[in-house]
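Only one structure is covered here, and it is reproduced in the block below.
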Amino acid sequence: MAKMEKTAFAPIATLRERLMLIAKALMPLAPMALAVPWLKRVAKNSQFVLCHPYGAEIVLYGFLALTPLSMTAITVMIYGRFASSILRHRQFPPPGHKTFSRTRYRHGWRAVALGRLIVVLISCVFAVSLYGAWLAHEWMSRLNHDAMRMEQEKACPKRG
């Protein structure tokens, strides 16, 4: 009979480190949490959208393209290094990384699959920002810009 090996587990994080792990996991959602109240405020006070020469473009591109793009950037900064470490060492969790709960080390193709899954998820968030930019461009091309300018001239006072 083959001798059974003792299964290795990753070190468990302390309470402070666990709180940091939770904060890192929620960090990519921060741009959306900031963008939604901003959009509500802009919608209430439509003077910005109406009176600024590029108000509608700023709102559309900001919400549909730049918010997911900033989420992508934050995700790459936090999880990109983690995924590259998994792929480099072919081990999940990578060496020196503490975990939230008791986690068995995975080696080989299972670890590489998790690393690639993280890369694919980051790519999906980036694809959402590209789609948002395309969508904003399509919506802006369908607007009647002459009618918008006439409405702007009526509603907005001239600055001296």
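The values are calculated or read from the model by the stated rules, or taken from the named source; none is laboratory data. Everything numeric in this text was worked out from a predicted model, so none of it was measured. Note that each Cβ is placed from the backbone with ideal geometry, even for glycine, and that neighbours are counted across all protein chains shown. Ligands, DNA and RNA are excluded from the accessible area calculation, which covers all protein heavy atoms including side chains. Shrake-Rupley method; radii C 1.70, N 1.55, O 1.52, S 1.80 Å.
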Provide a single number: the residues in the stretch 67-125 that are part of a strand (DSSP E or B) and open to solvent by less than 50 Å² (accessible area, probe 1.4 Å).
3
Selection over the stretch 26-37 where residues are over 23 Å from Phe92 (Cβ atoms) and either open to solvent by 80 Å² or more (accessible area, probe 1.4 Å) or touching a strand residue (DSSP E or B) at 6+ places or on another chain (Cβ under 9 Å) (or both) yields a count of 2
Output yes when any residue across the stretch 138-157 is open to solvent by less than 80 Å² (accessible area, probe 1.4 Å) and within 30 Å of Ile12 (Cα to Cα), and no when none is.
no
Pairs, please: C-beta under 7 Å, at least 6 apart or cross-chain, first residue of a type in the set (D, E, K, R) and in the stretch 84-104, second in a loop (DSSP other than H, G, I, E, B) and surrounded by fewer than 15 Cβ atoms within 10 Å (Cβ to Cβ)?
Arg90/Gly108; Lys98/Pro11; Arg104/Thr7
Can you name the residue in the stretch 1-25 that is open to solvent by 100 Å² or more (accessible area, probe 1.4 Å) and at pLDDT 90 or above and, of all such residues, is nearest to Phe126 (Cα to Cα)?
Met20
